[in-house]
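The values are calculated or read from the model by the stated rules, or taken from the named source; none is laboratory data. Model, not experiment: these values are computed from the prediction. Neighbour counts are summed over all protein chains in view; Cβ atoms, including those assigned to glycine, are modelled from backbone coordinates with ideal geometry.
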Amino acid sequence: FAPKVLRGKKLLITAGPTFEAIDPVRGITNLSSGKMGFAIAAAAQAAGAEVTLVAGPVHLPTPRGVQRINVQSAQQMLAAVQSQVGPADVFIATAAVADWRPANTADQKIKKDGSGEVPALAFVENPDILATVAQSARAQSGALYCVGFAAESHDLLQHAMAKRLRKDVPLLVGNIGPATFGQDDNALLLVDAQGHRELPRAPKTELGVQLVQELARRLAAAPGR
Ligand code: C5P
């Protein structure tokens, strides 16, 4: 049995990609599988937490005992997070949110008219869900502990340290490359105000358990921050 290190805690987790519609049958998305976020959700639930998982379009079963809310777009993900974050003690943003969405979504399928003309796509920036939540009064007061993720291709430690400060979160977790999208294992770099440590390559399910232990230690050490 897993020790109940998160007993009584409420966790809100985002996972997977977002899907940004171009028209009713097309859109842009990315290769996030959602596996890391789902693994954290399962581990946190096993550790006694009450877990709500806001999931983009992924092909994964809901971990036992976890409340799941399915969304498609970044805007929907933000709305779901804002509706659920009120009572949360911890917010973990593992989702690979699309940075941009099409400026306009066509109501009907855009037809190829035979003229050889191609549609011009314009984009607008999506809201940054993690940064938005991290700026909330509860996060700023330390009542809500926020965890961000980072996928970088190079200079992970520097980027992760900078991202932790930019997003204004106490803990930033870097995916140690090569690209981990869709894979069953990963290695993680944990960066907080005290420094950094590595969780060596392991199945994402196992890393979820280790991350929950790291999280519990930080919550116990600094109720607040
Ligand atoms: O800025 P970047 O996308 O690299 O930041 C990654 C972190 O921010 C992840 O924790 C991701 O879930 C979160 N994020 C978000 N909303 C966005 C972009 C990123 O919550 N629009």
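Of the residues making up the stretch 21-41, those that are farther than 18 Å from residue 179 by Cα and surrounded by fewer than 23 Cβ atoms within 10 Å (Cβ to Cβ) are 21, 22, 23, 24, 25, 26, 27, 28.
Okay, residues lined up against (1) on the phi < 0 side of the Ramachandran plot; (2) part of a strand (DSSP E or B); (3) under 18 Å from the mean Cα position of the chain (by Cα); (4) polar (S, T, N, Q):
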| residue | (1), (2), (3), (4) |
| --- | --- |
| 182 | no, no, yes, no |
| 187 | yes, yes, yes, no |
| 205 | yes, no, yes, yes |
| 209 | yes, no, yes, no |
| 219 | yes, no, no, no |
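Residue 49 fulfils the conditions (1) closer than 22 Å to residue 135 by Cβ; (2) buried (at least 17 other Cβ atoms within 10 Å of the Cβ) except for a single criterion, (1). Kindly evaluate residue 152 against the criterion of being in contact with a His (Cβ under 9 Å, 6 or more places away or on another chain) and free of Cβ contacts under 8 Å to residues at least 60 places away in the same chain. Criteria met by residue 152.
Any chance the stretch 109-116 includes a residue that's in a helix (DSSP H, G or I) and free of Cβ contacts under 8 Å to residues at least 24 places away in the same chain? Outline the logic, then answer.
Here is the first cut: in the stretch 109-116, the ones in a helix (DSSP H, G or I) are none.
Checked the stretch 109-116: no residue is in a helix (DSSP H, G or I) and free of Cβ contacts under 8 Å to residues at least 24 places away in the same chain.
Considering (1) within 16 Å of the ligand (Cβ to nearest atom); (2) basic (Lys, Arg); (3) farther than 28 Å from residue 73 by Cβ, the lone condition that residue 201 does not fulfil carries the number (1). Residues in the stretch 31-60 that are modelled with pLDDT under 95 and of a type outside the set (Gly, Ala, Ser): 1 in all. Scanning the stretch 102-125 for residues that are surrounded by 13 or more Cβ atoms within 10 Å (Cβ to Cβ) and within 16 Å of the ligand (Cβ to nearest atom) yields a count of 2. Taking the listed residues 48, 16, the one that is at positive phi and more than 14 Å from the ligand (Cβ to nearest atom) is 48, with no other qualifying. For the stretch 126-180, a residue qualifies if it is at pLDDT below 95, part of a loop (DSSP other than H, G, I, E, B) and near the ligand (Cβ under 10 Å from one of its atoms), and exactly one does: 152. The requirement of being at pLDDT 95 or above, surrounded by 17 or more Cβ atoms within 10 Å (Cβ to Cβ) and either of a type in the set (S, T, N, Q) or not in a strand (DSSP E or B) (or both) is fulfilled nowhere in the stretch 194-203; no residue meets it.
Just to be sure I understand, how many residues within the stretch 80-89 are more than 13 Å from the ligand (Cβ to nearest atom) and not charged (D, E, K, R)? Even if it seems obvious, please write down each step before you answer.
Taking the stretch 80-89 and keeping what is more than 13 Å from the ligand (Cβ to nearest atom), we get 83-84, 86-89.
From what's left, not charged (D, E, K, R): 83-84, 86-88.
Result for the stretch 80-89: 5.
Residues of the stretch 7-37 that are under 21 Å from residue 219 (Cβ atoms) and hydrophobic (A, V, I, L, M, F, W, C): 11, 12, 13, 15, 36.
Taking the numbered list (1) acidic (Asp, Glu); (2) away from the ligand (no atom under 14 Å from the Cβ); (3) under 20 Å from residue 133 (Cβ atoms) in turn, residue 99 passes all entries but (2).
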